[in-house]
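Take a look at the structure below.
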Amino acid sequence: MSKVSMPVPPRQDEFAHDPKGIMKWLWRDYISRYRLVLGLAILLMAIEGSMLGGISYLIKPMFDDVLSAGNRDAIAWVGVGVAAVFTARALAAFGHRVMMVWAGQRISARLQSDMFTHMLTLDSNYFQKTPPGNLIERVRGDTAAVSTIWEVVLAAFARDIVSLIALLAVAVSIDWVWTLIAIAATPILVIPVGFLQRRVRSTSRLSRMVAANISTRLDEAFHGINTIKLTGTEARESARTSTEINAYAKAHLRSNTAQAGIVALIDLIAAFAFFGVLTYGGLQIIAGTKTVGEFMSFFTAMALIFDPLRRLGGVSGALQAAMASLERLRSVFDMAPTILSPARPAPLPANLIEADIVLDNVQFSYGDEKVLNGLSFRATAGETTALVGPSGAGKSTVFNLLTRIVDTGSGEISVGGVLISDLALPDLRSLYSVVSQEALLFDESLRDNVLMGKEGVTDTALNHALKAAHVEDFLGRTVAGLDSPAGPRGSNLSGGQRQRVAIARAILRDAPVLLLDEATSALDTKSERIVQEALDELSQGRTTLVIAHRLATIRKADKIVVMDHGKVVDEGSHDELLDRGGLYADLYRLQFQDT
């Protein structure tokens, strides 16, 4: 049997992903399938960007030929040229924005779906160690942040780089010296912009972490709203949540301040550039070596050139913020489940009705805490075996091991002589119908909660399960019978009603092994008796394991296994254990000493 492995989410300062590698992964698995649409969108972006060069180029004939020279014939072709440029720019901008949003939404949806699907494959220990808000933020928040790459970053690079090239071409064609003066101070941006980009990335990573904390805090508060009200801790919870929200606001502010700093640096360089060109070029115009049209065309090109530069500066910050989310996403995708089906699964035992369940010297620990210490017992096929003992004896752990929610540290568990580790996980888990203390229902109809995706269920079989679990007793009081919504976590039902729905689900599953973990604990005395009779009838001919704290519910069990400190200390029938004395007799007396 495999050793217990508990995957731990990596700390946020331990991301070691290469940015180039992450981008290659994003391209290969998500973006590339839309490359034709993105390619056409990029072409339209290039057209939009190039039109800025056309606008600045037409400024020269507008001033020199029309306004200064008074050439009437030039009015028409200059006017048509300007109109054509703006029309092409409008159509290209509309087309690429629609395409990018279309592709971006599909990429984001696929990324979210893949993330959720991958999370479902991870070991249960991962979900025990990772707050739900963190999980939600990974699926929704981080994937939404990544959409910046194709809706903002990719669009800006494709459009604005072409704009820069077109505008620089116009500027150089007018005067290369003026162009050199304008861009001379640009290299000094490299070091401060690099520093600010790293700052954006680190603060964005922090803001994503804090956002996950907020989601967790809200989930816990809304889930425990009645406890908050009954304990009068509204102010305490409000203060704790406000602290998290303020921390997010500070982290977000630092990230946006760094992004704004990149844009501000570009504006400062623009100020020096315009001063230099105006001083040098103005003297040439006064001297008559350059025309006003040439200067205005150049001035327009340079004025326009700093606009895409500013956007590109802002985009570089947005890219760093998106990379922080990509790192968080990739870290989850890199996690792999440790509890897997074997490469070559063994077939299920031929006759499951005669398949005993055997635990042999099973050891198990949660971290450093020893839970099972050489546990051994046999659950005979077709009989009811009850597990009893004080809290912490390891009873619920047995159920988790049987279903391979966790794996044993050592020892063996077999069904019909086949090790459960040799069975495919779907085959193994198909053996069990489980009803636990916590009857988990989903925010769907009662029908959906009973069926749980099971197809081909006849009305007769469904009605039998509802009747056997006594769900029928309260259906008439619901708003729409089986189509009534259960509410979030089954909040529209009482505890007893939720338990009955869960029992109906187990009855309908009709698996050869029943695992009952205090299955009637939420029922009143009358309902408990009725449902217990239904479970007793259902267990006939099936292997049934029952975890029981209320010993009255397991008097008729074929065998009672008494556990303490992770091992079996006694076993036998109810009467045998009472006659023998020991832990079971002590527990029984404690429960019934006042009766």
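The values are calculated or read from the model by the stated rules, or taken from the named source; none is laboratory data. A quick note: this is a predicted structure, and the numbers were derived from the prediction, not measured. Virtual Cβ from ideal backbone geometry, glycine too; neighbours counted across all protein chains shown.
Worth pointing out:
- Total residues in the range 326-380 satisfying the condition of being among the aliphatic types (A, V, I, L, M) and under 30 Å from ALA144 (Cα atoms): the figure is 5.
- Total residues in the range 485-509 satisfying the condition of being of a type outside the set (A, V, I, L, M, F, W, C), crowded, with 17+ Cβ neighbours inside 10 Å and part of a loop (DSSP other than H, G, I, E, B): the figure is 1.
- Only one of the numbered conditions (1) part of a loop (DSSP other than H, G, I, E, B); (2) modelled with pLDDT under 90 is violated by LYS370, and that is (1).
- Cβ pairs under 7 Å, 6+ apart, first in the range 32-58 and touching a residue at least 24 places away in the same chain (Cβ under 8 Å) and in a helix (DSSP H, G or I), second among the basic types (Lys, Arg) and surrounded by fewer than 20 Cβ atoms within 10 Å (Cβ to Cβ): TYR34/ARG106; GLU48/ARG89; MET51/ARG89
- ASP570 being farther than 30 Å from THR460 by Cα, at pLDDT 85 or above and not in a helix (DSSP H, G or I): yes
- Filtering LYS454, LYS467 for residues that are under 29 Å from the mean Cα position of the chain (by Cα), among the charged types (D, E, K, R) and surrounded by fewer than 22 Cβ atoms within 10 Å (Cβ to Cβ) leaves a single hit, LYS454.
- Search result, residues across the range 536-553 that are over 21 Å from ASN400 (Cα atoms) and in a helix (DSSP H, G or I): ASP536, GLU537, LEU538, LEU551, ALA552, THR553
- From the options ASP483, ASP427, residue that is more than 13 Å from ARG509 (Cβ to Cβ), charged (D, E, K, R), at pLDDT below 85 and more than 27 Å from the chain's Cα centre (by Cα): ASP483
- Only one entry of ALA461, ALA379 meets the criterion of being buried (at least 17 other Cβ atoms within 10 Å of the Cβ) and either over 22 Å from GLN540 (Cβ atoms) or over 34 Å from the mean Cα position of the chain (by Cα) (or both), and that entry is ALA379.
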